[in-house]
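Note sheet for the following structure.
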Amino acid sequence: MKLSRKQFDILSVLAENQKRTTQRELSAKTGYSLGTINKLLKELSENGFISNNSLTPSGFELLEPYKAKRAVFLAAGVGSRLMPVSLNTPKPLVRVKGKRMIDGLIEACLAAGIEDIIVVRGYFSEQFDQLLYKYPMIRFVENPDFMETNNISSAYFTADLLENAYVFESDLILYDASVIKKYHYTSDFLGVYKERSDDWCFESKDGIITGEKIGGYNCYQMIGISYWNAEDGSKLKNHIREAYKMPGGRERYWEQVPLVVFNSEYKVGIIPCKEGDVIEIDTFNELKAVDPAYSAYK
């Protein structure tokens, strides 16, 4: 049975809550009216997917195709704009207030039940072995091209792993782990609404990404966290490999494959998050602003 969007929203909220959820709570979390909530609950109950506002085993089984199965971390780059801190340390392993940047992302995945963790490494690759002490489930994929390409090469070497998968840039500090969801109705990207932005932004229509650009007004600024369902992940496998071999393809950012090069083949949604839920540490000055301990560096 294929779920409607409204049915999915109800079931996913119930699945991610550990206690019985009232109609008013469901209305607040989904944005649907109480009348719509009651109609959906009746419909789902009659089909045996919920009982007393809780999911039945059949309800969990119905959600299984929408469940995130793995997380791929693109962590191979040099991080030159974070020098001098990244001179001898891969950017994702840089500590911010005592904690490695990548740790918060991995922990959010584990909290969402995602235990198949893949880290693509390149720069000082052996240093990533330290993660295994805390996260023994991690698998590593080597990116031998990281010095000569943009991050599309990391996607190229994990192209077979993108179905029902999160893809993370690894220079992010996650302050709200709840933005990492266990279930997804469509492929999607996190974005923060901005009245004005000088960063990478999404062009969109009716909540669907139609393009990507630098800077804009009244737009969603891109956060480097995305999810790809089984259908889109399967298409990405071939599209990434094709784009990588195009003239100039090795210079692209990986997300430009579905959002720009093969845009007509995908309908990727935007999941809004709040300013401060996730912070990207792109430069040394941004690092010092978040953690004043680095002010001692010259």
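The values are calculated or read from the model by the stated rules, or taken from the named source; none is laboratory data. None of the values given here were measured: they were computed from a predicted structure. Note that each Cβ is placed from the backbone with ideal geometry, even for glycine, and that neighbours are counted across all protein chains shown.
I'm checking my understanding of the structure. Among residues of the range 198-247 that are assigned to a strand (DSSP E or B) and of a type in the set (A, V, I, L, M), which one is nearest to the chain's Cα centre (by Cα)? Give the steps one after another, and end with the answer.
First, the residues of the range 198-247 that are assigned to a strand (DSSP E or B): 198-205, 208-228.
Now restrict to residues that are of a type in the set (A, V, I, L, M): 208-209, 214, 222-223, 225.
Values: ILE208: 16, ILE209: 15, ILE214: 20, MET222: 11, ILE223: 8, ILE225: 3 Å.
Per the stated criteria, the residue is ILE225.
When GLU242, GLU265, GLU280 are screened for being closer than 27 Å to ASP206 by Cβ, modelled with pLDDT of 95 or more and out of contact with any Pro (no Cβ under 6 Å at 6 or more places or on another chain), only GLU265 passes. Taking first residues from the range 285-297 that are touching a residue at least 24 places away in the same chain (Cβ under 8 Å) and assigned to a helix (DSSP H, G or I) and partners that are surrounded by 13 or more Cβ atoms within 10 Å (Cβ to Cβ) and aromatic (Phe, Trp, Tyr), the Cβ contacts under 6 Å between residues at least 6 apart in sequence or on separate chains come to LEU287/TYR294. The C-beta contact set for the range 86-97 (first residue of a type in the set (Ser, Thr, Tyr), second residue outside any helix (DSSP H, G or I) and buried (at least 22 other Cβ atoms within 10 Å of the Cβ), distance under 6 angstrom, 6+ apart or interchain) comprises SER86/GLY79.
Of all residues in the range 108-157 being of a type in the set (Asp, Glu) and closer than 13 Å to ARG70 by Cα, which is surrounded by the fewest Cβ atoms within 10 Å (Cβ to Cβ)? It would help to see each step written out before you state the result.
Looking only at the range 108-157, we keep the residues that are of a type in the set (Asp, Glu), and these are 115-116, 126, 129, 142, 145, 148.
This time we only want the ones that are closer than 13 Å to ARG70 by Cα, so: 115-116.
Values: GLU115: 13, ASP116: 16.
Looking at residues that are of a type in the set (Asp, Glu) and closer than 13 Å to ARG70 by Cα, I get GLU115.
For the range 256-281, the set of residues classified as loosely packed, with under 15 Cβ neighbours inside 10 Å and free of Cβ contacts under 8 Å to residues at least 40 places away in the same chain consists of SER264, GLU265, listed by residue number.
Tell me which helices (runs of 4 or more DSSP H) are completely within the range 86-165 and hold 2 or more residues being within 23 Å of LYS235 (Cα to Cα), or say none if there are none. Let's see the steps before the verdict.
Details: elements: 101-111, 131-134, 152-156.
Correct list: 152-156.
Is it fair to say ILE281 is among the hydrophobic types (A, V, I, L, M, F, W, C) and under 21 Å from SER80 (Cβ atoms)? Yes; evaluated as a whole, the condition is true for this residue. Restricting attention to the range 50-67, does a residue exist that is acidic (Asp, Glu), outside the structural domain of PRO272 (by TED's automatic domain parsing) and surrounded by 13 or more Cβ atoms within 10 Å (Cβ to Cβ)? Looking through the range 50-67, none of the residues is acidic (Asp, Glu), outside the structural domain of PRO272 (by TED's automatic domain parsing) and surrounded by 13 or more Cβ atoms within 10 Å (Cβ to Cβ).
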